[in-house]
Amino acid sequence: MDDQLEDKIFSQVYINSMKILSKFAVTIPPLSSWGLFRFYLCAIVLFIVLFYLQAAVVWPRGLLHRITTSFGYTRKMNRLQIMTTNSPEKKQSWEQTRDASSVFAVQGRRLKMEDRFVLEENVNNTGVSFFAIFDGHGGEFAADYAKDFLVQNLLSKITAASNSLRGIVTPSQSTKTDCPDDDKENTSNQPKPSSTLTQRRPSIRKSLTDDCVSNGNCNREQELYLNKLGSSIRNKESFLNNNNNNNNVKPQTFDGKCYVENGKINFGKMLTDEVLAADFELVKTAKKTSNLAGTTALIAIVDDSRLIVANVGDSRGVMCDAKMNAIPLSFDHKPNQSREKNRIKEAGGFIAFHGVWRVAGILATSRALGDYPLKDKKFVIADPDILSFDLSYNKPKFLILASDGLWDTFSNEEAVAFIKDRLHEPNFGAKSLVLESYYRGSVDNITVLVIVFKDGKYTVGSSVAS
């Protein structure tokens, strides 16, 4: 609804500007004065150029798309040729297709590709399928860390849990492993919060600056981040005075067999534990090098008739059910949502509008892995939302998982309708959807992953990661 209102406003501005320009043009004197005519002509051309440049910065992408598409199909073909040129020196698109899933990703208009994806149609022959999208920001470090470490830990736990469920004992499982129910009182190994933690913590800007100075590796991106962070701090004294305690205790994780409950694997608990543990290690590693990167995480697990989705950030999933309805698989974590806004305020933080609503005027998503300057005071958290679905009830036709580069230009319903008519394509419409989003004006990296259910069943196959 907000995008439609913006479109109406800017459309009206466009119309009014054209009316003013037309009145201005009517006042042109007789063409006997060639010099005066050239003056007016140059003034009109300059006005149009400046107006277009201004529009390119502030207008909604959907409105720009409707204007620019009038320039014809040739321009689209040029864009397609550019994005499908995958020379080693300048690779701009990535794609993988398996038996019942396909992914296509483009760098788009960004200088770097910070999206990462994972397809595992059959995790170590367990019959469990695993899919993930990580949308990095502030660099590739966090997205790479999530793909390399979080995913590998999860796949290991899934394998161990599945083997335990089937009665298969591997050498790594032959030793006794404490599970939560084995020893509820076993908390002595957990580090206790120090009394010094109740004292005022140094400001984020000061600690970050000290890290940069001590390591001597502050780059231009970090300097810009510091300047933006410093501006936010000066505007909000509470940002400095927040006494939020952070006990820095590593979240507990358990062996895979510990997640087997009542003959099933508790994937929700497993995902929550591993995401929080990975975020803890990511933040600790990032602090050593003053790396400010962060990433969203959208993970989907299919086990027989169960679908479990974990979401951190603003990547999004949607299901097309048997009635061709668009069913959300996740909900974006945005700073202006009531739940997130109240949580940030309770932590002593604030949100500010700079193009979009941002945590401390900086980050456009309120949950992410990494982003340690905002993580220390829990303005940004990594706690995932977990949603579970019974596929025998929903009877889905297909699922779409995508980074926010797609959702900047498509609604859930539009994406489902688009893919529905293109399931016959080699990659189940994933490539077409990405390119259409690019044509509509998306300025972000775009990754789309489509999972197809044939006759209400998902057929497992091979696996790939990128």
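The values are calculated or read from the model by the stated rules, or taken from the named source; none is laboratory data. If you're wondering where the values come from, they're calculated on a predicted model, not measured in any experiment. Positions of Cβ are backbone-derived with ideal geometry, glycine not excepted, and every protein chain shown enters the neighbour counts. Heavy atoms of the whole protein, side chains included, go into the accessibility calculation; ligands, DNA and RNA do not. Shrake-Rupley method; radii C 1.70, N 1.55, O 1.52, S 1.80 Å.
Summary table
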{"item": "Identity of the residue in the stretch 312-334, among the small types (G, A, S) and assigned to a strand (DSSP E or B), that ends up nearest to the chain's Cα centre (by Cα)", "result": "G317"}
{"item": "Close pairs (6 angstrom Cβ cut-off, 6 or more residues apart or separate chains): closer than 13 Å to D135 by Cα in the stretch 297-322, open to solvent by 10 Å² or more (accessible area, probe 1.4 Å) and of a type in the set (K, R) anywhere", "result": "V312/R367; G313/R367"}
{"item": "Residue among K257, K269, K284 that alone is basic (K, R), modelled with pLDDT of 90 or more, surrounded by 15 or more Cβ atoms within 10 Å (Cβ to Cβ) and in a helix (DSSP H, G or I)", "result": "K269"}
{"item": "Any hit, the stretch 405-413, residues being open to solvent by 10 Å² or more (accessible area, probe 1.4 Å) and β-branched (V, I, T)", "result": "yes"}
{"item": "Residue selected from the stretch 115-125 under the condition open to solvent by less than 20 Å² (accessible area, probe 1.4 Å) and not hydrophobic (A, V, I, L, M, F, W, C), by the criterion modelled with the lowest pLDDT", "result": "E121"}
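Matching residues to (1) more than 27 Å from D144 (Cβ to Cβ); (2) open to solvent by less than 10 Å² (accessible area, probe 1.4 Å); (3) at pLDDT 95 or above:
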| site | (1), (2), (3) |
| --- | --- |
| F350 | yes, no, no |
| W357 | yes, no, no |
| A360 | no, yes, no |
| P373 | no, yes, no |
| I381 | no, no, no |
| P396 | yes, yes, no |
| N427 | no, no, no |
| L449 | no, yes, yes |
| G461 | no, no, no |
